[in-house]
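J.: This is the structure I have questions about; it appears just below.
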Amino acid sequence: MNDSAIRLGIDLGGTKIELIALDPQGDEIWRQRVATPKGNYRETLNAIVLLVEQAEQALGDRGTIGLGAPGALSKLTGHLKNANSTCLNGRPLLQDLQELLGRPVKIANDADCFALSEAIDGAGAGADIVFGVILGTGVGGGIVVNKRLLNGPNAIAGEWGHNPLPWPLDDERPGPGCYCGKSGCIETFLSGPGLALLHSRLTDQHLDADAIARRAAGGCIACETSMRSYEDRLARALAHVINILDPHIIVVGGGLSNCRRFYHNVPKRWQRYVFSDRVDTRLLPPRHGDSSGVRGAAWLWNG
């Protein structure tokens, strides 16, 4: 890549498609978003191409293109898999975009893009090993080592959400059913709906994750109990990651990243589960917030 080229990053979401342009120093110089065409693969491609054309016309320059997708490219077929936007599954997204745009395109999972953004110039900047965590409607993750995404032969590096919750309590077995076909996956416990389910089982109250966190902060004892149980589960799950990966920084994204209490409480709890006499891993909120995914897509062309 020419060092003077701009980097274009695209976040392909279920409700919106966003494009950001970064200059060589990583500063944002252009941004635009459009609604995602519902259930229409061809219109989705056209929307992406139009965004690229508009950006490059406005900037008077041609950029590299990275895209964060809600799934991953299959190593078997080269087509997209595991996307919650189902019209994308089984489609040759990479091949089609490269043909339409007339240049190479890099595609990564949206959680990988989040991790890369925070590792390069976000909360994990300067750290050798960064684990990016998504705690939202689902649970995802990405691993960055020396500012490079870790990619494995199965395109699932960082997918901690589909491992079982470690050190489960008696009332946590076998665990809720997961869409992947298993029971007791970390995602079923630590997603936003997982927190809501925990609170419902403890109290018979039906609140969403935001309401639970808000009421706990306001002094609600029942919600505080649910938050403490959630924090213990999060500490166990992240301790498992630390025991395997030993990251310098864990950055939390997704809607639950706004719970500031986690950054103090969870590290206090994970010490008992980590196989070390001291834990120097730091748990941090994201520097770029909701923009991390689209920035990380642009950084897929880093170096």
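The values are calculated or read from the model by the stated rules, or taken from the named source; none is laboratory data. Note that the structure is a prediction, hence the values are computed from the model and not measured. Counting neighbours? That spans all protein chains shown, and the Cβs are built from the backbone with ideal geometry, glycine included.
J.: Can you pull out the strands (runs of 3 or more DSSP E) entirely within segment 88-167 that have at least 1 residues that are over 27 Å from residue 258 (Cβ atoms)?
T.: Passing ranges, in order: 105-109, 139-145.
J.: Looking at segment 12-31, which of its residues are part of a strand (DSSP E or B), among the β-branched types (Val, Ile, Thr) and either without any contact (Cβ under 8 Å) to a residue 40 or more places away in the chain or out of contact with any Asp or Glu (no Cβ under 7 Å at 6 or more places or on another chain) (or both)?
T.: Of everything in segment 12-31, those that are part of a strand (DSSP E or B), among the β-branched types (Val, Ile, Thr) and either without any contact (Cβ under 8 Å) to a residue 40 or more places away in the chain or out of contact with any Asp or Glu (no Cβ under 7 Å at 6 or more places or on another chain) (or both) turn out to be 17, 29.
J.: Does residue 152 satisfy the condition of being at pLDDT below 95 and of a type in the set (Gly, Ala, Ser)?
T.: Yes.
J.: Still on this structure, please answer the following. Which residue out of 52, 34 is in contact with a helix residue (DSSP H, G or I) (Cβ under 7 Å, 6 or more places away or on another chain) and in contact (Cβ under 8 Å) with a residue 40 or more places away in the chain?
T.: From the options 52, 34, the qualifying one is 52.
J.: Then there is this: Residue check, residue 38 against (1) of a type in the set (Lys, Arg); (2) surrounded by fewer than 17 Cβ atoms within 10 Å (Cβ to Cβ); (3) closer than 28 Å to residue 158 by Cβ, all met but one. Which one?
T.: (3) is the only condition that residue 38 fails.
J.: Let me ask another. Pick from 266, 251: which is in the same structural domain as residue 159 (by TED's automatic domain parsing) and more than 30 Å from residue 27 (Cβ to Cβ)?
T.: 266
J.: Is it the case that some residue within segment 171-182 is modelled with pLDDT of 95 or more and closer than 27 Å to residue 280 by Cβ?
T.: no
J.: Considering each residue of segment 130-140, count those that are modelled with pLDDT under 95 and either over 28 Å from residue 196 (Cα atoms) or not hydrophobic (A, V, I, L, M, F, W, C) (or both), and give that number.
T.: Number satisfying all stated conditions: 4.
J.: Moving on to the next point. Could you give every pair whose Cβ atoms fall below 8 Å, whose first residue belongs to segment 153-169 and is within 19 Å of residue 134 (Cβ to Cβ), and whose second residue is among the polar types (S, T, N, Q) and assigned to a loop (DSSP other than H, G, I, E, B), counting only separations of at least 6 or pairs across chains?
T.: Partner pairs satisfying both residue conditions: 155/74; 157/151; 161/191.
J.: Turning to a different aspect of this structure: Surrounded by fewer than 14 Cβ atoms within 10 Å (Cβ to Cβ) and within 21 Å of residue 138 (Cβ to Cβ), is that true of residue 109?
T.: no
J.: Follow-up question, since we're still on this one. Are any residues in segment 158-199 out of contact with any Pro (no Cβ under 8 Å at 6 or more places or on another chain), buried (at least 19 other Cβ atoms within 10 Å of the Cβ) and among the aliphatic types (A, V, I, L, M), and if so, which ones?
T.: If the condition is that a residue be out of contact with any Pro (no Cβ under 8 Å at 6 or more places or on another chain), buried (at least 19 other Cβ atoms within 10 Å of the Cβ) and among the aliphatic types (A, V, I, L, M), then 165, 190, 195, 196, 198 are the ones that fit.
J.: Quick test for you: out of 9, 66, 78, 14, pick the one residue that is at pLDDT below 95 and within 19 Å of residue 295 (Cα to Cα).
T.: 14
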